[in-house]
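Shown next, in structure tokens, is the structure this report addresses.
The values are calculated or read from the model by the stated rules, or taken from the named source; none is laboratory data. Please read these numbers as outputs of a predicted model, since none were measured by experiment. When we count neighbours, we look across all protein chains shown, and the Cβ atoms used for this are built from the backbone with ideal geometry, even at glycine.
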Amino acid sequence: MNHLYVIGVDYGTDSVRSILVNAANGNEVAAAVFYYPRWKDGRYCNASLNQFRQHPLDYVEGLEYTIKSCLQQAGPAITANVKAISVDTTGSTPVAVDATGTPLALLPAFAENPDAMFVLWKDHTGTTEAAQINEHAKKFDINYLQFVGGIYSSEWFWAKLLHILRADKEVALATYSWVEHCDWIPFLLSGGTDAKQLKRGVCSAGHKALWSAEFNGLPPDDFFTSLDPLLKGFTDKLFTQTYTADESVGYLAAAWATKLGLTTDVVIGVGAFDAHMGAVGGQIDAYHLSKVMGTSTCDMLVVPMNEVEGKLIKGICGQVPGSVIPGMMGMEAGQSAFGDAYAWFKNILMWPLQKLLTTSAIVDNDTATKLIEETTNNIIAELSKEANLIPLEENNELALDWLNGRRTPDANQLLKGAISGLNLGTDAPRIFRAIAEATCFGAKAIVDRFNEQGVPVKGLIGIGGVAKKSPFIMQMMADVMDMPIRIHKSEQTCALGAAMFAATAAGIYSKVEEAMIAMGQGFDAEYFPDKNKVEIYRRRFLKYKALGAFVETN
């Protein structure tokens with residue numbers, strides 16, 4: 001096993017990263033990142049409409065570039081011993097495909113049509129459709145929303161499909177099926193040519209597409225057709241069977257093997273969402289909430305099946321057997337804006353520099369560009385430093401974290417953020433502190449929901465960029481939660497989790513728990529609650545809930 005290697009591919013919001021690791025110990029041999037060029041240019045998006053689309057070419061080009069780069073770094077001896085590739089992606093990030101499983105945007109007729117591209121997780125153009133699904137579900141004796149927390153979100157599979165079918169007749173006519181990003185990439189790598197043969201992961205199917213063994217698959221065609229005739233026949237074109245991420249979809253196709261410099265003996269694993277594989281890469285424990293903290297958060301909880309029997313958690317993103325770890329119940333929650341909330345405030349503060357400095361008569365354009373770049377890179381760290389010096393008081397400025405709506409508990413993507421308690425002494429660090437605190441309060445609302453519904457959260461695991469880079473926010477998280485939070489050592493838990501699943505799909509390990517033990521990198525920090533602050537935060541959290549109730553009502 002010392003000479004066996006696997007590749008984990010992690011598709012994020014802005015970039016794709018691949019890592020090549022030693023399957024015996026999880027040590028990283030090589031890594032490469034590719035920033036999506038079309039996405040970086042802001043193409044196909046309209047933030048004012050909450051429209052966020054990504055071109056499949058960004059994904060395909062990034063896949064080839066990062067894997068080839070890893071293999072070049074590793075050298076031919078290691079390349080010859082690569083045994084498997086597994087992939088995680090954002091989600092729900094689906095796309096319209098033709099009968100061959102080709103995304104419509106890869107066809108000349110739709111190459112520049114945003115409706116033919118991947119509808120990114122944070123695209124909220126389907127809020128009307130989500131509301132209609134929620135209302136429609138009340139008409140049926142079977143509660144088809146029971147395993148997704150009772151509320152369907154505009155961030156998910158069916159709301160996005162229905163919106164695209166209604167919005168674009170040409171795309172609707174050309175759409176044969178609807179496919180999640182995490183299911184399409186393995187299909188691509190394994191040379192799939194028939195959309196009906198495309199293997200769907202239980203992760204995406206159960207948490208976003210209403211698939212459940214209890215329903216013998218998806219809700220029946222009648223459920224969707226009676227909602228809108230545009231959905232007629234889609235259940236037949238989609239899937240009944242699903243697969244866990246420790247299984248294989250097949251082997252690397254000859255064309256991709258030639259392109260990458262690998263063999264057709266390389267196993268391709270079933271795909272899953274980034275936070276699900278990230279929880280595994282971050283060595284999730286039963287009843288410990290694994291928080292993948294980036295632009296948004298995705299919170300994963302795994303519980304033994306027999307200990308959650310008969311319990312349905314209201315207002316979360318789903319509870320699906322085997323979606324995180326095969327054999328355990330996987331539960332998902334999260335926040336629609338986390339790092340995005342800090343980025344929003346940073347962008348507001350940067351506006352005068354970006355708009356005025358480049359036209360300054362005092363500094364040349366090159367100096368202006370460098371000043372803007374330096375300030376952009378340092379502003380969050382400096383705000384954190386200053387915010388940390390502000391005394392914690394019950395009546396400090398207060399904010400809501402719903403800048404991109406609310407994912408959980410109780411999805412409502414139409415909600416807006418808010419800041420209250422402003423006065424003439426309020427400065428940038430104070431507003432930043434309120435926003436950071438709001439994201440921690442949003443996280444506490446999720447933990448409280450699990451606890452209230454009889455699934456106790458016994459600990460916290462922090463994963464991702466914010467967890468690694470912001471001691472200020474992580475300490476605040478521990479104080480607000482009144483609970484320690486362990487920070488995972490790996491910089492790339494999602495890609496590492498994908499590598500663990502690749503090693504399991506290839507048969508190097510018999511189950512993913514064994515891969516977690518052998519390949520896990522452990523924890524390198526832990527934050528403990530400051531007991532002097534816990535009570536003040538408890539009272540401020542009540543104010544946060546009151547402000548939230550006011551905004552939601554009005």
What are the residues in segment 403-458 that are of a type in the set (Ser, Thr, Tyr) and assigned to a loop (DSSP other than H, G, I, E, B), if any? Thr408, Thr426
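Residues of segment 190-212 being part of a helix (DSSP H, G or I) and either exposed (fewer than 15 other Cβ atoms within 10 Å of the Cβ) or among the hydroxyl-bearing types (Ser, Thr, Tyr) (or both), which ones? Spell out the reasoning first.
First, pick out the residues of segment 190-212 that are part of a helix (DSSP H, G or I): 195-197, 202-208.
Scanning segment 190-212 gives Lys196, Gln197, Ser204.
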Which residues, counting only those in segment 510-554, are hydroxyl-bearing (Ser, Thr, Tyr) and within 26 Å of the chain's Cα centre (by Cα)? Tyr527, Tyr544
Test set (1) under 27 Å from Lys314 (Cα atoms); (2) free of Cβ contacts under 8 Å to residues at least 12 places away in the same chain - Ile142 fails condition number: (2)
Consider segment 126-143. How many of its residues are of a type outside the set (Asp, Glu), surrounded by fewer than 22 Cβ atoms within 10 Å (Cβ to Cβ) and either not assigned by TED's automatic domain parsing to the domain that holds Pro94 or not in a helix (DSSP H, G or I) (or both)? 5
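For segment 457-479, which positions are without any contact (Cβ under 8 Å) to a residue 40 or more places away in the chain and in contact with a Leu (Cβ under 6 Å, 6 or more places away or on another chain)?
None - no residue of segment 457-479 is without any contact (Cβ under 8 Å) to a residue 40 or more places away in the chain and in contact with a Leu (Cβ under 6 Å, 6 or more places away or on another chain), so the list stays empty.
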Ala381 being farther than 14 Å from Met476 by Cα, free of Cβ contacts under 8 Å to residues at least 60 places away in the same chain, in a helix (DSSP H, G or I) and of a type in the set (A, V, I, L, M, F, W, C): yes
Might you check whether a residue that is surrounded by fewer than 20 Cβ atoms within 10 Å (Cβ to Cβ), modelled with pLDDT of 95 or more and out of contact with any helix residue (DSSP H, G or I) (no Cβ under 8 Å at 6 or more places or on another chain) occurs anywhere in segment 213-222? yes
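Table: residues versus (1) within 25 Å of the chain's Cα centre (by Cα); (2) closer than 17 Å to Arg540 by Cβ.
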| site | (1), (2) |
| --- | --- |
| Asn395 | no, yes |
| Asp401 | yes, yes |
| Ala418 | yes, yes |
| Arg449 | yes, no |
| Val457 | yes, no |
| Leu460 | yes, no |
| Ile487 | yes, no |
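Quick one: in segment 145-183, which of the residues that are of a type in the set (Ser, Thr, Tyr) and under 30 Å from Phe450 (Cβ atoms) is farthest from the chain's Cα centre (by Cα)?
Per the criteria, the residue is Tyr152.
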Selection status of Val308, within 23 Å of the chain's Cα centre (by Cα) and either modelled with pLDDT under 95 or surrounded by 15 or more Cβ atoms within 10 Å (Cβ to Cβ) (or both): no
Determine whether segment 480-503 contains at least one residue that is assigned by TED's automatic domain parsing to the domain that holds Phe34, farther than 20 Å from Cys298 by Cβ, in contact (Cβ under 8 Å) with a residue 24 or more places away in the chain and not in a helix (DSSP H, G or I). no
If you go through segment 3-18 one residue at a time, do you hit one that is surrounded by 22 or more Cβ atoms within 10 Å (Cβ to Cβ), hydroxyl-bearing (Ser, Thr, Tyr) and under 22 Å from Ser336 (Cα atoms)? yes
All but one of (1) modelled with pLDDT of 95 or more; (2) surrounded by fewer than 15 Cβ atoms within 10 Å (Cβ to Cβ); (3) assigned to a loop (DSSP other than H, G, I, E, B) hold for Ile362; state the number of the condition that does not hold. (1)
Within segment 311-320, residues touching a His at 6+ places or on another chain (Cβ under 8 Å) and either at pLDDT 90 or above or among the aliphatic types (A, V, I, L, M) (or both) come out as Val320
If Phe472 passes every condition in (1) surrounded by fewer than 23 Cβ atoms within 10 Å (Cβ to Cβ); (2) under 20 Å from Ala275 (Cα atoms); (3) touching a Ser or Thr at 6+ places or on another chain (Cβ under 6 Å) but one, which one does it miss? (2)
